[in-house]
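Since the structure comes first, as structure tokens, the remarks are kept for the end.
The values are calculated or read from the model by the stated rules, or taken from the named source; none is laboratory data. Since we're looking at a predicted model, the values are computed, not measured. In this analysis, Cβ positions are derived from the backbone assuming ideal geometry, glycine residues included, and neighbour counts consider all displayed protein chains. Calculation scope for accessible area: heavy atoms of the full protein, side chains included, ligands and nucleic acids excluded. Shrake-Rupley method; radii C 1.70, N 1.55, O 1.52, S 1.80 Å.
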Amino acid sequence: KIMSKVKKEEQQLDWVQDPQNQLLALDKAATANIQALALQLGYDGALTVGALEDEIRFYQRRTVEACLELGKRLLILKEVTPHGEFESRLKLLGFGYDTANRFMKAALKVSKSLNLRLLAKESDSTSKFLELITLDDEEISELTEGGSARGITLDDISTMSVTELRKALRETKAENSAKDEVLA
């Protein structure tokens, strides 16, 4: 009995020391953890990186669309609601006034701006879209057409990361400020 126990322990030691077996064991453990997390979250889609990234992009676009639709409805609710009752309606819906105001401003701005409307449709990132929503049409035109020597297009904006977009915005504003100073 003692010899068979020693033999088992040696086999286990050999298994642990074999790098290929270690990688397989780690891979099995990681897969089990991923599947457990997916089950816990109620996720039943594919568990590959590519499929997950595609689904994330899809939901990012839907989030932008949902934010704009929410803003439209809040604007209309504000008009329909008797004077002085809008904030109490917002509380019933679980919104603070500042949050609702951001959604309403975004919807109003997009409805008035062809550039923002196009970017809203193409935007793959809520963060990027919210960064752009703070700009007016003139600033977007400066970024995409005139002021910038970089010649950024709307397509370029849709493929930029949020960090790249912020950098381009800062550079464009700096260029425009420099031009204004020279003209002054």
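Okay, here's what the table says:
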quantity	calculated
Complete set of residues in region 13-33 that are open to solvent by 90 Å² or more (accessible area, probe 1.4 Å) and either closer than 20 Å to Ile56 by Cα or at pLDDT 70 or above (or both)	Leu23, Leu24, Leu26, Asp27, Lys28, Asn33
Hits in region 57-72 (condition: among the charged types (D, E, K, R), free of Cβ contacts under 8 Å to residues at least 40 places away in the same chain and surrounded by fewer than 14 Cβ atoms within 10 Å (Cβ to Cβ))	Arg62, Glu69
Which listed residue is in a helix (DSSP H, G or I) and either at pLDDT below 75 or under 25 Å from Leu165 (Cα atoms) (or both), from Lys91, Lys72, Lys128	Lys128
In region 40-56, the residues that are under 18 Å from Asp27 (Cα atoms), surrounded by 10 or more Cβ atoms within 10 Å (Cβ to Cβ) and not small (Gly, Ala, Ser)	Leu47
Subset tally (residues that are under 21 Å from Thr63 (Cβ atoms) and loosely packed, with under 13 Cβ neighbours inside 10 Å) for region 74-98	5
Region 160-184, subset hydrophobic (A, V, I, L, M, F, W, C) and open to solvent by less than 100 Å² (accessible area, probe 1.4 Å), residue farthest from the chain's Cα centre (by Cα)	Ala178
